[in-house]
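Reviewing the structure listed below.
Taken together, the values in this text are just the output of simple stated rules run on the coordinates, not laboratory data. Here the structure is a predicted model, which is why all the values come from computation and not from measurement. Note that we place each Cβ from the backbone using ideal geometry, even for glycine, and neighbour counts take in every protein chain shown.
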Amino acid sequence: MANNLANDIDYASCLNEKIVILAEDGLNPVIESAQFAYKKTNLVQVNPEGISVAAQHWQTGWEDPKAKVWTGYWSLVASLNRALSDNIPITEPYFYSSEALCPDSLLSSVFRASCQSKETIPLLKERIAVMRELGFILCHSFGGSFHGFLEEFQRRHNGEGSALDLVKMVIETFPSFRDEVFYEGKTVCMWKRAQILVAETWAAFYPDPSVTKIHPLFPGARGPMIGQLTMFADYRVPQILHHLKILVYPNALVQKLCAGVAIDPGSTEEISIRAGSIVAVEMVREAILKLIADEEDAEENKEISSVLIDFFLWDLAKKLETGEDKIEGFETADIIPAHRTRSIWY
């Protein structure tokens, strides 16, 4: 447990300064954006005591990234697999980019809800537009595949590119991945989908450490540098961060969430929730690394990243939701509904 709240506050202040320094050194713009938005919105607050407690409970047991991958895309995967089993080439950019070959009506059928579902896929029209854009760009610039995009990434960086370099190339290439908002005179970058695309690809191709430590997508001397990526600011992780008392919401926001009031995309409340989550997970990571700094396996644990913490928290949230797991050992807040924001960025 936390030794002293005043000490924790001092430590949190140091971590905030470190986050700003990292951003100024030209690392992930999302960190700088989150820090700026967190301070400017002054709504959702990071709880230093919650950071300390979480770090002490989570400092052990980190496994290879390939064993830590859980995603919320299983319904999407099921839809794609169903289409492929029906001989619909839904994963081919040439196909889904073409309205002639793949009309909107077919895509509506591919992503249709199950009989048991009470809700259809939201923002389907906007999501179809994203698919068309991605497919068009891949076909006209990268030989019609994401593999071609990755080959161009290797060429541009001479095999020395990092995960963050790949995120930036995604942002530069595909407008629909530019998860950004103009707030208080500054462009605030969240980059959720771009970062999770790269993180999931990194994890999917994570090499067997008994065979090689060289990642096939990031074979350069620096390796993936996955620690440069942040958590993926959407719905589920902010919810569990609040439950664990790592984030503190003002009463007015709690009342809105419990009442199911929609939170507009780009609003102060939404920006504050997302930015606060990014800042909080960065602080949890720093606290864990500080605790294990003197351990014998500290070198191996340098791979503890905000990406892995996000994977862990998302999975924990789902297990709590289904009753498969429960929090023991420290006090938690009541689980409140995730914020309801309709957006293609999540």
- Note on the structure: The FRET efficiency for Asn251 and Ile335, from their Cβ-Cβ distance with R0 = 22 Å and rounded to 0.05, is 0.85
- Query: Using only Cα atoms, what is the ratio of the radius of gyration of the range 134-210 to 2.2 N^0.38 Å?
  - Reply: 1.22
- Query: In the range 110-152, what trypsin sites (Lys or Arg not before Pro) fall in a loop by DSSP, with at most 15 other Cβ atoms inside 10 Å?
  - Reply: Arg112, Lys118
- Run a plain Debye calculation on the range 72-144 (Cα atoms as equal point scatterers, no solvent) and give log10 I(q)/I(0) at q = 0.18 Å⁻¹, rounded to two decimals, same order as the q list. -0.72
- Subset of Lys245/Lys326; Lys290/Lys319; Lys290/Lys326 violating a 21 Å alpha-carbon distance limit: Lys290/Lys319; Lys290/Lys326
- Item | Val130, Val198, Val261, Val211 arranged by Cβ crowding within 10 Å, fewest neighbours leading | Val211, Val261, Val130, Val198
- Specify whether the C-alpha gyration tensor of the range 193-346 places it in the rounded, prolate or oblate class, a ≥ b ≥ c being the square roots of the eigenvalues: rounded for a/c under 1.5, otherwise prolate if a/b is larger than b/c and oblate if not. prolate
- Could you pull out the trypsin sites (Lys or Arg not before Pro) across the range 217-255 that fall in loop regions by DSSP (anything but H, G, I, E, B) with no more than 15 other Cβ atoms inside 10 Å? Arg222
